[in-house]
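Let me begin by presenting the structure, written as structure tokens, before commenting on it.
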Amino acid sequence: MLKINDLVVAYEVAPVLHSVSLEVQAGKIVTLLGANGAGKSTTLKAISGLIKPLSGSIEFCGEVISNKRPDEIVKMGLAHVPEGRLVFPGLTVTENLKIGAYTRKASRSEVKSDMQKAFDLFPRLAERCNQLAGTMSGGEQQMLSIARAMMSNPKLLMLDEPSLGLAPVIIDSIMDKIREINEAGTTVLLIEQNAELALSISHYAYVLSVGEVVLSGDSESIAEDKAVLEAYLGGESEGRTD
Amino acid sequence: MVKLFKWLKKYALLIVMLLLLAAPSVTSQYEFYVVQRGVQNAIHVLGLLILIGYSGMLSLGSAALLATGAYTYGILLVKVGLNPWVGAALAVALTTFIGTGLALPAFRLAGPFLVVTTVGFGEIVRILILNMEPITGGAYGLAGFAKLLPSTRWVYYLMVAALFLIAIAVKRIGESRLGLALKSLREDEVAAEVMGVDVRRAKMVSFALSAMLAGLSGVFLANLTGYLSPDSFTAAESASYLLMVVMGGMQSVTGAIVSSIVITSLPEVLRFLSSSRLLVYSLVLLVYLRLNWVRTGKGSLAGLMKTLGFPLGTGRAKDRS
Ligand SMILES: Nc1ncnc2c1ncn2[C@@H]1O[C@H](COP(=O)(O)OP(=O)(O)OP(=O)(O)O)[C@@H](O)[C@H]1O
Ligand SMILES: [Mg+2]
């Protein structure tokens, strides 16, 4: 579904991603692991068109998207939940969800039924539909940002550290929801700091280190290779599993 | 009591419009002139409501767009000899075009940096008007152009009708898909982009709409005064338009109209105080703000501070780190 070949990305001059190649197969949950600053978020930003790569190609559903604008990419069915859950703080939950459906030429009733689906997935949002997003708790905001991305009816959902700053119980429930979303037919590309957790719900994993893919394989086999993993993640996974 | 309040809120726009229609019959000639100016300002301020209130882009160059509309109308009539209606249409078109161009710096700048750019634009236009004397009349001003309709009163009714239609349109925009896109821009540009909002196009539309209304307001200004001078288009004027949007609550169409008319007439109402007039004027505004009638939070004074970029003034429109 998503195929990245030899991707090179730089912010100012020095490349942050040197040569990243990866593939996400339809229907799977694929996780992208790596220490702080490895370039995980940068990879997602390049995929969703927020930054233009220097070279390399990104293909989504057989079409090259590396030269497309973000709004065109969203329209093709690729949703990005950015790091730090960027909800619209001054808009209500309902308004936030409506913007999620922005690129679709969907009718009012379609949007409404999709909003109902989002509320079914996260009942907590339904209770707070008229609350300003900025006044919600961190966990609720994360739910909102995932629900908002789902409003675009994506084929591929990319999540950038959905567990950031959340309590373990909430993280577990968010992970359950991600699995639920995947089982309902949406492919997922997940970035996580917590390697053990991410590997437990994903099918396939890539490990990124200093802008390069250093390890990839079935999540199960990667999970077994603890020593190698720790070497690349700088012991991060240890400290954050509990 | 609550019921009455709700009722008032629902029909506020209609009530204001009816009052405006009644105004010519119950006001003295001078008072009527002030009301006319209030209505004309309100058209301009509804444009700023879209730009500042909905989209969160602060402009202090709006007086220059007003001037563009007014002067284009005047020049086309006096120097070219066009029909007033054709002149008005061309004036609005040109202002919209120039105003849309102002969106270009907004692609890269936000907060105080965008404000400075718009102030600069305002000064450039004012100085151009001052110096292109053969065309604009320079400091002597420009006069001798016809009105759209023969009587002042009919121009006024035309203006009120325009205001009513614009008010409904601006309200609709606020609730539409476009309005949602503009508001998302105000809230978080990166998130808006990730949601698939074409940020550049949204900015251009916002600038274009507000410039269009500024141009129209300028045409009406020329109709009201019959005389144009660069002094009416200073940065201080732009600031008072900003005041009208802020006092109107930054989100409400009716609020913007009422505050435009009140702030336009306030200096006149206070005229009997003569020299202490400005002091009382400022005090009234301060008390109003202090009383928190202007909501804080969702697109309000606090929102304005954020728009200005005070808490995190990086000045870049997009900070994608
Ligand atoms: N806007 C930017 N300008 C310049 N450099 C940047 C920018 N954003 C990120 N970087 C640099 O790119 C590198 C990779 O950053 P990125 O955000 O992709 O890391 P990450 O893997 O997501 O890390 P984390 O787990 O901490 O979120 C870092 O060295 C970072 O300093
Ligand atoms: Mg990151």
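The values are calculated or read from the model by the stated rules, or taken from the named source; none is laboratory data. The shown structure was predicted, so the numbers you read here are calculated from the model rather than taken from an experiment. Ideal geometry is used to build each Cβ from the backbone, glycine not excepted, and the neighbour counts take in all protein chains shown.
In table form, for the structure just shown:
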{"read-out": "The listed residue being hydroxyl-bearing (Ser, Thr, Tyr), in contact (Cβ under 8 Å) with a residue 24 or more places away in the chain and away from every other protein chain (no Cβ under 14 Å), out of B:SER151, B:SER217", "value": "B:SER217"}
{"read-out": "Selection from region A:8-21 of residues that are more than 14 Å from every other protein chain (Cβ to nearest Cβ), surrounded by 15 or more Cβ atoms within 10 Å (Cβ to Cβ) and away from ligand 2 (no atom under 16 Å from the Cβ)", "value": "A:VAL8, A:PRO15, A:HIS18, A:SER21"}
{"read-out": "Test: residue in region B:156-174 that is at pLDDT 90 or above and within 14 Å of chain A (Cβ to nearest Cβ)", "value": "yes"}
{"read-out": "Tabulated pairs, region A:143-160, first within 16 Å of ligand 2 (Cβ to nearest atom), second part of a loop (DSSP other than H, G, I, E, B) and not aliphatic (A, V, I, L, M), C-beta under 6 angstrom, 6+ apart or interchain", "value": "A:SER145/A:ARG85; A:ASP160/A:PRO82; A:ASP160/A:GLU83"}
{"read-out": "Some residue of region A:67-78 being under 14 Å from A:LEU189 (Cβ atoms), more than 16 Å from ligand 1 (Cβ to nearest atom), in a loop (DSSP other than H, G, I, E, B) and out of contact with any helix residue (DSSP H, G or I) (no Cβ under 8 Å at 6 or more places or on another chain)", "value": "yes"}
{"read-out": "B:VAL190 within 14 Å of another protein chain (Cβ to nearest Cβ) and either at pLDDT 95 or above or not in a helix (DSSP H, G or I) (or both)", "value": "no"}
{"read-out": "Cβ-Cβ under 6 Å pairs, at least 6 apart or on other chains, region A:185-214 side farther than 19 Å from A:LEU164 by Cα, far side modelled with pLDDT under 90 and within 16 Å of ligand 2 (Cβ to nearest atom)", "value": "A:SER209/A:TYR232; A:VAL214/A:TYR232"}
{"read-out": "Test: A:GLY27 is without any contact (Cβ under 8 Å) to a residue 12 or more places away in the chain, more than 16 Å from ligand 2 (Cβ to nearest atom) and surrounded by fewer than 16 Cβ atoms within 10 Å (Cβ to Cβ)", "value": "no"}
{"read-out": "Residue match in region A:92-103 (condition: within 14 Å of another protein chain (Cβ to nearest Cβ), more than 16 Å from ligand 2 (Cβ to nearest atom) and in contact (Cβ under 8 Å) with a residue 60 or more places away in the chain)", "value": "no"}
{"read-out": "Region A:203-216: number of residues that are outside any strand (DSSP E or B), modelled with pLDDT under 95 and out of contact with any His (no Cβ under 7 Å at 6 or more places or on another chain)", "value": "1"}
{"read-out": "Filtered residue count, region A:24-53, keeping only those that are touching a helix residue (DSSP H, G or I) at 6+ places or on another chain (Cβ under 8 Å), of a type in the set (S, T, N, Q), within 12 Å of ligand 1 (Cβ to nearest atom) and within 12 Å of chain B (Cβ to nearest Cβ)", "value": "0"}
{"read-out": "Residue in region A:30-77 that is surrounded by the fewest Cβ atoms within 10 Å (Cβ to Cβ), counting only those that are more than 16 Å from ligand 2 (Cβ to nearest atom) and on the phi > 0 side of the Ramachandran plot", "value": "A:GLY62"}
{"read-out": "The one condition in (1) at pLDDT below 95; (2) away from ligand 2 (no atom under 16 Å from the Cβ) that A:ARG85 fails to fulfil", "value": "(2)"}
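To keep it simple, each residue is scored yes or no on (1) buried (at least 19 other Cβ atoms within 10 Å of the Cβ); (2) within 30 Å of A:ASN153 (Cα to Cα).
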| position | (1), (2) |
| --- | --- |
| B:SER176 | no, yes |
| B:ALA181 | yes, yes |
| B:ALA192 | yes, yes |
| B:ALA211 | yes, no |
| B:SER217 | yes, no |
| B:THR225 | no, no |
| B:LEU228 | yes, no |
| B:LEU243 | no, no |
